[in-house]
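Undergrad: Submitted below is the structure of interest, expressed as C-alpha cells.
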Amino acid sequence: MASADSRATARRTLIVIGLVLLAALLLFLVMHTTRVLVWIVIAAFFAVALNPAANWMQRRIRWRWLATLLLFLLVFLFLGGLVTVFVVPLVREGGQLYDQFPQIIADVRAGRGPIGNLADRFNILQYVESHSDQIRQYASNLGAPTLAFLSGAATTVAGIVTIFVLAYLMVLEAPKITDGFLALFEPRRAERIRRVGADCARTVTGYLTGNLLISVICGVLTYVVLKILGVPFAGLIALFVGIADLVPLIGATLGAVVAVIAGFTQSVTAGIVLIIFFVAYQQLENHLLQPVIFSRTVQLNALTVLIAILIAVELAGILGALLAIPVAAMIQIIVRDVWDQRRGRPDVDQESAPADTTSGPADMA
C-alpha cells in the first residue's frame, strides 16, 4: 500500500513539474515571438471579418480558392486605390514645392505669406539664428535615428505583407479548419459551437462596419470645416483624417495633427479653429459616437463599450484598442450561451420528471 501511495505521489509530482515546465516554455515562446503573435492575431481578426464575404462568393463561384483570390484582389485594388489617391497628389505637390522652395525661403526671411507671417510672429528666424550651433549638431546626430526609422519602416512593411498573406491563407483554409475542429466533438455540441462561432464572427464584421461608419463621419465633418476655413486640398486632408481615424489609439491624433498644420499654413485663425474642432470632436467620438454606434453594430451597451476600450488600451495599447470591442462582444455571447444552457437544464429535468412518474404506474398496471 505504501509503495502504491508513493508511486501515486511521485506521479502527481512529475505531472506538476511537467505542467510548470510547459507553462515556462509557453511564456518563453510568447516573450520571444511577441511580434509574430501580434501579426497572427491581427491576420485572424481580418480573416474572420472577410470570411463571410468569401463564403458568399463561394456559393456563386463554387471554388473556394477562386472566391478567396477574387476577394483579396478586390481588397488589394481598394487599398491600391487609396494609396494612389494620396501618392499622386503628393508627388505633384511635392514637385511644385521643390520649384517654389527658393521663393518660400525668401518669403520667410522677408516675413511675407502665411509661413513668413508665422515665422515673424513667433520669432522663429531669431530662434534659429541664436541656436544655429545646437541645430547643426543635432542634425549631424540624426544618422542613428534615421537608420532606426528606416528599420522600423521596413519591419512595418514586412508585417503588413505577412498579415495580408496570413489572412489570405486563413480565409482559404477556413472551411477545412472549421470542419476539422468540429469533428472532434459530438454532432450536438459541434452544432452549438458552430452557432456560437458564427455569432462571434458577426461581431467582428459589425465592429469593422461601425469603425468605418465613424471614420466616414470624421472625414465628412473634417472636410466641411476645412472647406469653410478655405484650407487648400480639403478633400485630400479629410480623406487622410478619415483613414487615420481607423487606426486605434493614435490614428485620430495623427490625422488631427496633419489637418492642424495645414490650417496654420493657411492662417493662424484656421489653425486655432481646427484645434478646437478636433478637441471637441474627439470627445464626441470617444464618449458618444463609439458607444452608440458599437452598441448597434456589435450589440453591446454603451457602458460596456467604454469600459472595454479603457481596460484594453491600458493592458495592450493599440492591439488592445483594436480587439477590445469584438473580444468583449464574444465574451458576452459565450457567457449568454452558457447561461442559457445552464438555465435550460433544470427545465428539461422538470419536464422529464412528471413523464417518469406517470409512466411508472402505467407500466405497473
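Undergrad: Can you name every residue in segment 260-306 that is closer than 16 Å to Tyr207 by Cβ and either in a loop (DSSP other than H, G, I, E, B) or in contact with a Cys (Cβ under 8 Å, 6 or more places away or on another chain) (or both)?
TA: Glu285, Val298, Gln299, Leu300, Asn301
Undergrad: Right, something else. Considering only residues that are under 27 Å from Leu306 (Cβ atoms) and among the β-branched types (Val, Ile, Thr), which ones fall in segment 225-254?
TA: Val225, Val241, Ile243, Val247, Ile250, Thr253
Undergrad: Related question: Only one of Leu303, Leu310, Leu322, Leu274 is exposed (fewer than 13 other Cβ atoms within 10 Å of the Cβ) and over 21 Å from Arg195 (Cα atoms). Can you tell me which? Give the steps one after another, and end with the answer.
TA: Values: Leu310 fails: exposed (fewer than 13 other Cβ atoms within 10 Å of the Cβ); Leu322 fails: exposed (fewer than 13 other Cβ atoms within 10 Å of the Cβ); Leu274 fails: exposed (fewer than 13 other Cβ atoms within 10 Å of the Cβ).
Going through Leu303, Leu310, Leu322, Leu274 in turn, just one is exposed (fewer than 13 other Cβ atoms within 10 Å of the Cβ) and over 21 Å from Arg195 (Cα atoms): Leu303.
Undergrad: Something else about it: Would a scan of segment 279-292 turn up a residue that is under 20 Å from Phe45 (Cβ atoms), surrounded by 15 or more Cβ atoms within 10 Å (Cβ to Cβ) and not β-branched (Val, Ile, Thr)?
TA: Here is the first cut: in segment 279-292, the ones under 20 Å from Phe45 (Cβ atoms) are 290.
Now drop any that are not surrounded by 15 or more Cβ atoms within 10 Å (Cβ to Cβ), which leaves 290.
Of the ones still in play, those that are also not β-branched (Val, Ile, Thr) are 290.
Scanning segment 279-292 turns up at least one residue that is under 20 Å from Phe45 (Cβ atoms), surrounded by 15 or more Cβ atoms within 10 Å (Cβ to Cβ) and not β-branched (Val, Ile, Thr).
Undergrad: Sticking with this structure for a sec: Enumerate the pairs (first residue in segment 297-313 and closer than 15 Å to Pro326 by Cβ; second residue anywhere and of a type in the set (Phe, Trp, Tyr)) with beta-carbon separation below 8 Å, excluding pairs fewer than 6 apart on the same chain, so at least 6 apart or on different chains.
TA: Thr297/Tyr207; Val298/Tyr207; Leu300/Phe294; Val305/Phe294
Undergrad: Turning to a different aspect of this structure: With the condition kept exactly as written, say whether any residue in segment 236-247 is in contact with a helix residue (DSSP H, G or I) (Cβ under 9 Å, 6 or more places away or on another chain), within 21 Å of Gly320 (Cα to Cα), part of a loop (DSSP other than H, G, I, E, B) and free of Cβ contacts under 8 Å to residues at least 60 places away in the same chain. First the steps, then the outcome.
TA: Our first condition is that a residue be in contact with a helix residue (DSSP H, G or I) (Cβ under 9 Å, 6 or more places away or on another chain); within segment 236-247, this holds for 236-247.
Checking which are within 21 Å of Gly320 (Cα to Cα) leaves us with 242-247.
Restricting the remaining residues to those that are part of a loop (DSSP other than H, G, I, E, B) gives 245-247.
Right, trim to free of Cβ contacts under 8 Å to residues at least 60 places away in the same chain and you get 245-246.
Yes: one or more hits.
Undergrad: Which residue out of Arg59, Arg7 is free of Cβ contacts under 8 Å to residues at least 12 places away in the same chain and more than 29 Å from Ala174 (Cβ to Cβ)?
TA: Details: Arg59 fails: more than 29 Å from Ala174 (Cβ to Cβ).
Testing whether each residue is free of Cβ contacts under 8 Å to residues at least 12 places away in the same chain and more than 29 Å from Ala174 (Cβ to Cβ) leaves just Arg7.
Values quoted throughout were computed directly from the atomic coordinates according to the rules given, and no laboratory measurement underlies them. Because the structure is a prediction, the values reported are computed rather than measured. Here Cβ is always computed from backbone atoms with ideal geometry, including for glycine, and neighbour counts include all displayed protein chains.
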